[in-house]
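The values are calculated or read from the model by the stated rules, or taken from the named source; none is laboratory data. Quantities reported herein were computed from a predicted structural model and do not represent experimental measurements. For neighbour counting, all protein chains shown are included, and Cβ atoms are generated from backbone atoms with ideal geometry for every residue, glycine included.
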Amino acid sequence: MKEYKMFIDGKWVAASNGSVFLVTNPATGEVLGSVPNGCNSDAKNSIEAADKAFKLWSKTTANVRSELLKKWFELIVSHKKEIAKIMTSEQGKPLQEAEAEVMYAASFVEWYAEEAKRVYGETIPAWKTDKRILVTKQPVGVVGAITPWNFPAAMITRKLAPALASGCTVVAKPAPQTPLTAIKLFELLEKAGFPNGVANLVTGNAEEIGAALMDDKRVRKITFTGSTDVGKKLMAQASNSVKRLSLELGGHAPFIVFDDADLDKAVEGALASKFRNCGQTCIASNRFYVHEKIFDTFIVKLKSMLTGLKVGNGTEEGIDLGPVIDKKSYEKISRHIEDAVARGGEVLLGGSGFHGSEVEDAGYFFYPTILSNLTEDMLIMNEETFGPIIPVIPFKTEEEVVKSANNTNYGLAAYVYTNSLSRGIKISEALEYGIVGLNDGAPSTAQTPFGGFKESGIGREGGHYGMEAFLEIKYVSIGL
Ligand code: SIN
């Protein structure tokens, strides 16, 4: 069995207590290797290394940081197929999707390599002739980056690239389900030539590593992608030392189709927003509101597109939907369907899945499913499903659909399909969401601000907004 190591202060090391955990393939249960089960003291060593490295790294020129990021970008791109294979084996998404994620991940590194050179300050007219006012930006310090299993590469680079570009140093903690992609990215980061301690990777015990990051005053910023529940806990813990926080949390995206929409485009958008990574994305549409005049036509078109989708092991040719990450996920999806059906919901397509492995916690697959006859109080209408289920609800008026769409504590992404420009703008403005896909089911890209309103998070990742998250503003008042 392959034994992996974690990366601390430029060295590949085992956990200080020697313990390991196993990483398995969610499609088959096959053991892929053992990974260090890092603990509190490993996290502390990483913080120590990052703090030491910060003193030099924060003083490097933007050009130096940019060049290193460019090398990392090139290495990621040239290892695209290898990284994608690792990702599919530990995460399950089909190979072609994994390759697309590697390129998405690389695009953050490329974008921030360029943006490193554009951290501008300001001069402000002074109130006295013998004064000058200067505003500069400085890296915030050591950053703790905690990443999820659903995008094992892109969530690492979306956090690390702007942090490193701005002059911060990082301790990254990947999800226990998917550390191998992170390890590969760090091998390439080492190859690119980043100085020791600038970027550290600690795998293992989430509670211990999390506590070490949250308790240490040298860690000035936490950037986290994951559930709203964990985000709330981190927020409470961050208050002790007033750590800066970027939180990209859960979502419950409405997907609204008006009667004047291009229906083929809307169905295409529905598939893109719902089935990417088998519905396991924070911006996956979770409630489909379709105008009553086109409701039946939309369902017919949707059904005909879904019937062709192939479910299975992501390494096999032609697979559209891989496994869900584990048994717990499968049970949640089933519960959402059962709850809907028990309360009068109707299954129009799919409605079930299968367990295709001898291993208890692996091999859980779900068929694309359409549900109708739904009410707003059902679980599926309120909780994030993280599976390939499309609940469709008819609506009559703009007011009614906006009210329903906003009736949630989440506010990450929403989608609107209409051919009326003025309606599109009005509805986009009325939706309480950080991201609106207007006739667009795939809004994610490196140069834009990704993040949510309400309980979907704090701050934005991506674009110049993502860089600001790692910078402190300093004002220097100069007496002449
Ligand atoms: C996520 O689901 O957290 C990220 C999705 C994306 O970047 O598009």
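Got at least one residue in segment 178-195 being in a loop (DSSP other than H, G, I, E, B) and within 22 Å of the chain's Cα centre (by Cα)? Checked against the condition, which is being in a loop (DSSP other than H, G, I, E, B) and within 22 Å of the chain's Cα centre (by Cα), segment 178-195 yields at least one hit.
From G437, G387, G351, which residue is at positive phi and either surrounded by 15 or more Cβ atoms within 10 Å (Cβ to Cβ) or in a loop (DSSP other than H, G, I, E, B) (or both)?
Numbers: G437 fails: at positive phi; G387 fails: at positive phi.
Every option except G351 fails the conditions.
Residues in segment 1-27 that are among the aliphatic types (A, V, I, L, M), in a loop (DSSP other than H, G, I, E, B) and in contact with a Pro (Cβ under 7 Å, 6 or more places away or on another chain) were compared, and the one that is nearest to L95 (Cα to Cα) is A27.
Taking the listed residues A446, A442, the one that is of a type outside the set (S, T, N, Q), closer than 16 Å to Y112 by Cβ, assigned to a loop (DSSP other than H, G, I, E, B) and at pLDDT 95 or above is A446, with no other qualifying.
Within segment 5-31, residues that are polar (S, T, N, Q) reach partners that are in a loop (DSSP other than H, G, I, E, B) and at pLDDT below 95 with beta carbons closer than 8 Å, at six or more positions or on different chains, in the pairs T24/V359; T24/D361; T28/S357; T28/V359.
Scanning segment 275-300 for residues that are in contact with a strand residue (DSSP E or B) (Cβ under 8 Å, 6 or more places away or on another chain) and more than 14 Å from V416 (Cα to Cα) returns F275, C278, G279, C282, E292, I294, F295, F298, I299. Among the residues examined, I370 qualifies as surrounded by 19 or more Cβ atoms within 10 Å (Cβ to Cβ) and not in a loop (DSSP other than H, G, I, E, B). For P195, are the conditions met, namely being within 19 Å of G10 (Cα to Cα), surrounded by 24 or more Cβ atoms within 10 Å (Cβ to Cβ) and at pLDDT 95 or above? Criteria not met by P195.
Residues checked against (1) in a helix (DSSP H, G or I); (2) buried (at least 20 other Cβ atoms within 10 Å of the Cβ); (3) at positive phi; (4) modelled with pLDDT of 95 or more:
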position	(1), (2), (3), (4)
D260	no, no, no, yes
D264	yes, no, no, yes
E268	yes, no, no, yes
A272	yes, no, no, yes
R276	yes, yes, no, yes
T281	no, yes, no, yes
F288	no, yes, no, yes
T297	yes, no, no, yes
V300	yes, no, no, yes
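Working only within segment 440-452, note down all residues that are surrounded by 18 or more Cβ atoms within 10 Å (Cβ to Cβ) and farther than 18 Å from T225 by Cβ. Matches in segment 440-452: G441 only.
When segment 200-249 is limited to residues that are within 16 Å of the ligand (Cβ to nearest atom), in a loop (DSSP other than H, G, I, E, B) and surrounded by fewer than 24 Cβ atoms within 10 Å (Cβ to Cβ), the one that is farthest from the chain's Cα centre (by Cα) turns out to be S227. Each residue in segment 19-67 was checked for being over 30 Å from G356 (Cβ atoms) and touching a Ser or Thr at 6+ places or on another chain (Cβ under 7 Å), and 9 of them qualify.
Checked against (1) within 20 Å of P254 (Cα to Cα); (2) within 16 Å of the ligand (Cβ to nearest atom); (3) part of a loop (DSSP other than H, G, I, E, B); (4) aliphatic (A, V, I, L, M), V324 passes all but condition (1). Of the set (1) free of Cβ contacts under 8 Å to residues at least 40 places away in the same chain; (2) surrounded by fewer than 16 Cβ atoms within 10 Å (Cβ to Cβ), all apply to L309 but (1).
Going through segment 373-384 one residue at a time, which ones are over 23 Å from D326 (Cβ atoms) and part of a loop (DSSP other than H, G, I, E, B)? Give the steps one after another, and end with the answer.
The initial filter retains those residues of segment 373-384 that are over 23 Å from D326 (Cβ atoms), namely 373-378, 381.
Passing the criteria: N373, L374, T375, E376, D377, M378.
Of the residues that make up segment 318-334, is at least one touching a residue at least 60 places away in the same chain (Cβ under 8 Å) and either small (G, A, S) or more than 22 Å from R276 (Cβ to Cβ) (or both)? Checked against the condition, which is being touching a residue at least 60 places away in the same chain (Cβ under 8 Å) and either small (G, A, S) or more than 22 Å from R276 (Cβ to Cβ) (or both), segment 318-334 yields at least one hit.
With the requirement that a residue be touching a helix residue (DSSP H, G or I) at 6+ places or on another chain (Cβ under 7 Å) and within 11 Å of the ligand (Cβ to nearest atom), what does segment 445-455 give you? Hits for segment 445-455 are A446, T448.
Just to be sure, is L164 under 19 Å from I83 (Cα atoms), in a helix (DSSP H, G or I) and in contact with a helix residue (DSSP H, G or I) (Cβ under 7 Å, 6 or more places away or on another chain)? For L164, the condition - under 19 Å from I83 (Cα atoms), in a helix (DSSP H, G or I) and in contact with a helix residue (DSSP H, G or I) (Cβ under 7 Å, 6 or more places away or on another chain) - is not met. Once segment 449-471 is narrowed to residues that are assigned to a helix (DSSP H, G or I) and of a type in the set (D, E, K, R), the residue that is farthest from A236 (Cα to Cα) is E468. Counting the residues of segment 113-161 that are away from the ligand (no atom under 16 Å from the Cβ), closer than 21 Å to R65 by Cβ and in a loop (DSSP other than H, G, I, E, B) gives 5. Checking A261, A253, A266 one by one, the residue that is within 16 Å of the ligand (Cβ to nearest atom) and in contact (Cβ under 8 Å) with a residue 40 or more places away in the chain is A253 and no other.
Just checking, which of A98, A84 is buried (at least 24 other Cβ atoms within 10 Å of the Cβ), in contact with an Asp or Glu (Cβ under 7 Å, 6 or more places away or on another chain), at pLDDT 95 or above and closer than 19 Å to P323 by Cα?
Numbers: A98 fails: in contact with an Asp or Glu (Cβ under 7 Å, 6 or more places away or on another chain).
Result of the check over A98, A84: A84.
For segment 312-342, a residue qualifies if it is surrounded by 16 or more Cβ atoms within 10 Å (Cβ to Cβ) and farther than 15 Å from F365 by Cβ, and the qualifying residues are H336, D339, A340.
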